[in-house]
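Please treat every number below as a calculation from the coordinates, not as lab data. The structure presented is a predicted model; accordingly, all values stated were derived computationally and were not measured. Reconstructed Cβ throughout: ideal geometry from the backbone, glycine too, with neighbour counts over all protein chains shown.
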Amino acid sequence: MGLRDHMAHMVLGRLLLARRCASEAMARRGAVMRSALLLPASQSRSVAAVGDSVPPHTRTSGRLRSVAKAGLAIVGVGSVMAMSQVMDLLHQWKTKFRIQASACRGPTEGFVEQRSCQARGAASGATVGSEEAAEPLRPTLLLFLGDSLVSGVGGQVENGEPAAAALPRNVASRLADWAGVQVQWASVGITGADVECLRQQGLPRLREKIAAYKASGSNVVVVLVVGVNDLRKMQLATYRLKLRSLVSELRYIMKDRAVDAVVLPAIRIADAPMLQLYPLRYFAAPLCNLWEREKEKAVRWFSEVKVLPFPSPPSQDRVSALFSDDQMHPSASGYEWWADSLARQIHGILAERHRSILARRSGP
């Protein structure tokens, strides 16, 4: 018997037990009423008095227990249906949807030229403050480590030119718009990787890739995109500790210095079109929120580590355009939309750090 059948039998047994208890209670009440009708008037009044003597809070608690049992039964049935949908979706993913989106086949590192103030204002609508105009932000090195969202699954146009990694490329381009500085970027994305895989395989590859970079005089920001595959494997017991260990190593990935910031973008996988089936979507959203809270708990001890909130989704009629044909990963336009939000938040972190440095320099 499979897991789905076992859970179905378990919930069905609970429903039958609740029904039997309700039937027995009704039978006992009917027996009391029948005895009251058959007894003489004096004795029937005493039986009725016994029934009336039951405290109101006892009757209320009985009703609450009945409502609670019914609610648990409904949740149980819903969980069985959701589990059945998950099993079906996993089968469809392996046999149908996974092959409908591929990772970006282009470069995994690049360079974005410094934008002029006029170009920056035209691209982002931002204004340059007096302090930043006098001493602009330093050039920035973005280092990406993550799963299929970093390798760009869904961002490669089929039969098109090989595209650079979609998320890193777009974040670097938008950050150059916002900050008006040179932005170098390098990425290591391993499709299907969890935290342990990134620590064992991705981290050494990223160290090799950045060995030739000279980060002196530049801001260094590490973007860690992780969590979806740990959720898929239900690694709740070890996720937080392993993630904290990986973040601790990423803080000192450069040989000669610590990085300026490590950011972990929040991920709202529950918004994926594949997970919008009823009642699965009502179970997916709380579970994903729980997983993101674990991410925040893992990094709360590091002052230079931030979890970047996921942007508010657009109107419902535009959401489908943000996802690729596999109904799980972003499309090319979805990566652009997400990257714009990440670039704004990273620019805010660097600008705040820049202002604090200037304040210390001009202090008493």
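Under 5 Å between amide hydrogens, built in the peptide plane, is the criterion, and for Val188 it picks out Phe144, Leu145, Gly146 among residues at least 5 positions away or on other chains. Taking every C-alpha pair closer than 8 Å and separated by at least 6 residues, the mean separation divided by the residue count of region 138-209 gives a relative contact order of 44 percent. Charge dipole of region 252-360 (Cα centre as origin; +1 on each Lys and Arg Cβ, -1 on each Asp and Glu Cβ, all else neutral): 540 debye, rounded to the nearest 20. Of the peptides 99-105, 85-91, the ranking by mean beta-carbon count within 10 Å, highest at the top, reads 99-105, 85-91. Could you give the Stokes-Einstein D for region 207-263 in µm² per second, using the C-alpha Kirkwood radius, 4 °C, 1.567 mPa s? My calculation gives 101 µm²/s for D.
Hydrodynamic radius of region 183-284 by the Kirkwood approach over all distinct alpha-carbon pairs: 15.4 Å.
Summarising the amide proton neighbourhood of Gln235: residues at separation of 5 or more, or on other chains, whose placed amide H is nearer than 5 Å comprise an empty set. For the listed peptides 206-213, 328-335, a ranking on the average number of other beta carbons within 10 Å per residue, highest first, reads 328-335, 206-213.
Loop only by DSSP, 12 or fewer other Cβ within 10 Å of the Cβ. Give me the chymotrypsin sites (Phe, Trp or Tyr not before Pro) in region 288-332 that pass, ordered by residue number.
Numbers: sites: Trp291, Trp301, Phe302, Phe323; in loops: Trp301, Phe302.
Passing sites in region 288-332 are Trp301.
Under 5 Å from the amide H of Ser324 lie the amide H atoms of His329, Ser331, each residue being 5 or more positions distant or on a separate chain, with H modelled from the backbone and absent for Pro and chain starts.
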